[in-house]
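Before any comments, here is the structure.
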């Protein structure tokens, strides 16, 4: 009679340990080494740089231009706000194009977010329904990907970028990607 209770408690304990152990940025991605998923996202309406509309983003834009960085973000995402200064630093220090995919956000809120914090993105695609995020295997906001010049996903960082992850993970991965050619 106690066996079902013991089994339940044992399974509950395993789930608890699994949820609370490890680094969430180490979540595996089935897409590493594979081409970026096909997508075409419209621009964030009204987002301008030097008087011109900042372009949207498609999978075709991620091929042939060298290493690129893709960041999934949203204005309602508190960790996205925390990581923003590190995204700006990443864009400067990596010398790699940084593009953003705005996830399930309101246009005015997304523009206000970038207006207040600065726009480090060369392009911003709007993923209004979240389909692109699903195809990329995104677990939550923010997530950042490094894509090789052939359009292959080389690295995935889950969670906000901070000083340590910028210096010990992302910048070294970008250097490694460039060395591969």
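The numbers here are math on the coordinates, done by the rules we state, and not lab data. This is a predicted model, so every value here is computed, not measured. For neighbour counting, all protein chains shown are included, and Cβ atoms are generated from backbone atoms with ideal geometry for every residue, glycine included.
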Exercise. Using the Cα gyration tensor of segment 25-180, with a ≥ b ≥ c the square roots of its eigenvalues, what is the shape: rounded (a/c below 1.5), prolate (a/b larger than b/c) or oblate (neither)?
Worked result: rounded
Problem set entry | segment 25-180: antiparallel DSSP beta bridges as a percent of all, rounded to 5 | 65
Exercise. Hey, what's the Kirkwood Rh for segment 43-121 if you take every pair of different alpha carbons, in angstrom?
Worked result: 13.1
Exercise. What ranking do 162-168, 88-94, 47-53 get when scored by the average of other Cβ atoms within 10 Å per residue, highest first?
Worked result: 88-94, 162-168, 47-53
Problem set entry | Mean Cβ count within 10 Å, highest first, over the residues of peptides 169-177, 63-71 | 63-71, 169-177
